[in-house]
Amino acid sequence: MKTGIVLAPRRVGRTSVDRNPDGRVPADRTHADRIPFREDPGWESFEREVLPLVPDRIRRGILGALPRGTPVNELRIRSGLPVCIVLPRSDILLDGSRPGIPEIVASREEIARTLSLISDCSYYALESEFAGGYITIPGGHRVGLSGQAAVWTDGTVRIREVSGLCFRIARAVRGAGASLAKELAGPDGRLASTLIVSPPGAGKTTLLRDLCRISGEGMPEAGIRPCQVGIVDERSEIAACYGGIPQHDVGPRADVLDRCPKARGLMMVMRSAGPDVVATDEIGGEEDARAVAAAISGGAVVLATCHGSSLEQLKMRPYSRWLITEGYFDKAVVLSRRKGPGTVEYVGDMPRA
């Protein structure tokens, strides 16, 4: 039986090999220890799809503070506070504190103007998205909302007075899963049921998305045939649908249930689409765990992610421990940010004990 590989993190561009616990290098394999996330700043989509939605004064300040092509992860605009640009490893506060950094403090009116542009002046049309706390815009970028919340009689919560906007820049990294596909392949031409574990920002959704694409396209060199793929995308993060159409490349054989609760969506997609492979993001409690188990028992491969820093941490949670110890997942991938997003801490067979 193959065992998992513990990998020694490093920067992209260098080479390393896996070693057994006794320090010897296995004769049959070498492996890169970081998913090859090419530097994909997404600047063009940021400039084309996000900046036109912010007021001129703020847009000019951002363009003045950032060299063209800078990789931007988030743009945060808060009423009465300096605009904040979040980069992969730091952020820039437009507070005028140093040369080349202008002071740009967003006003309530600028927040309202931006929100009008985002919603195309139709708040009613986006009422359900407001209830979720974010809006998806063309390109798959998500705009998180903060401010004063109101709880309705039916228990739903809506943001009534918006005072903060967080633009999360969507980007897909084609090929992110290619280096791991052979290790994750199952015996029947599909990927094995795999749980991807990582803290926020370490690349678990990026890897999951590319594994969906690989499943749909097939990858003969890894022993993977083209498969029908069902994606339950509760938070619109995997496929980044806009108007129900995926904005990211999730492969040519993918059916996406967007903004659908995971547990219900897994059952729906199994009944309606009959997929070979099902993918979902951030499984949590009992309902999610039982739906994953039902999908796997029904013959589908399940690719899923979970927040955590290690498999040991997951085993401290009742329902993720149950999925692991009962053998529903065959493979595991653990990612971290130790040497940047996509650092692979573990890939291989799922430990049961």
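The values are calculated or read from the model by the stated rules, or taken from the named source; none is laboratory data. All values reported here derive from a predicted model rather than from experimental measurement. Glycine also receives a Cβ, built like all others from the backbone with ideal geometry; neighbour counts cover every protein chain displayed.
For the reader, a short list of remarks on this structure follows.
- A single member of GLN228, GLN148 is modelled with pLDDT of 95 or more, surrounded by fewer than 21 Cβ atoms within 10 Å (Cβ to Cβ), on the phi < 0 side of the Ramachandran plot and not hydrophobic (A, V, I, L, M, F, W, C), and it is GLN228.
- Top-ranked residue in the range 192-209 [being aliphatic (A, V, I, L, M) and part of a helix (DSSP H, G or I); ranked as nearest to SER320 (Cα to Cα)]: LEU208
- Scanning the range 275-289 for residues that are under 14 Å from LEU195 (Cα atoms) and in contact with an Asp or Glu (Cβ under 9 Å, 6 or more places away or on another chain), we see that the one that is surrounded by the fewest Cβ atoms within 10 Å (Cβ to Cβ) is GLU282.
- Among (1) in a strand (DSSP E or B); (2) modelled with pLDDT of 95 or more - the single one ALA181 does not satisfy: (1)
- Pairs where the first residue, in the range 270-297, is assigned by TED's automatic domain parsing to the domain that holds GLY186 and the second is assigned to a loop (DSSP other than H, G, I, E, B) and among the acidic types (Asp, Glu), C-beta under 9 Å, 6+ apart: THR280/GLU234; ASP281/GLU234; ASP281/GLU237; GLU282/GLU234; GLU282/GLU237; ASP288/GLU282; ALA293/GLU326
- Complete set of residues in the range 307-334 that are in contact with a strand residue (DSSP E or B) (Cβ under 7 Å, 6 or more places away or on another chain), modelled with pLDDT under 95 and outside any loop (DSSP other than H, G, I, E, B): LEU311, LEU314, SER320
- Between VAL292, VAL250, the distinction of being surrounded by 23 or more Cβ atoms within 10 Å (Cβ to Cβ), under 20 Å from ARG171 (Cα atoms) and out of contact with any Ser or Thr (no Cβ under 7 Å at 6 or more places or on another chain) belongs to VAL250 only.
- Considering (1) farther than 23 Å from MET270 by Cα; (2) buried (at least 21 other Cβ atoms within 10 Å of the Cβ), the lone condition that ARG338 does not fulfil carries the number (2).
- The range 52-88, residues that are within 27 Å of PRO200 (Cα to Cα) and without any contact (Cβ under 8 Å) to a residue 12 or more places away in the chain: PRO67, CYS84
- Evaluation of ARG174 against (1) buried (at least 20 other Cβ atoms within 10 Å of the Cβ); (2) under 30 Å from PRO138 (Cβ atoms) (one fails), failing number: (1)
- Test: residue in the range 200-207 that is of a type in the set (A, V, I, L, M), surrounded by 17 or more Cβ atoms within 10 Å (Cβ to Cβ), touching a residue at least 60 places away in the same chain (Cβ under 8 Å) and not assigned by TED's automatic domain parsing to the domain that holds LYS262: no
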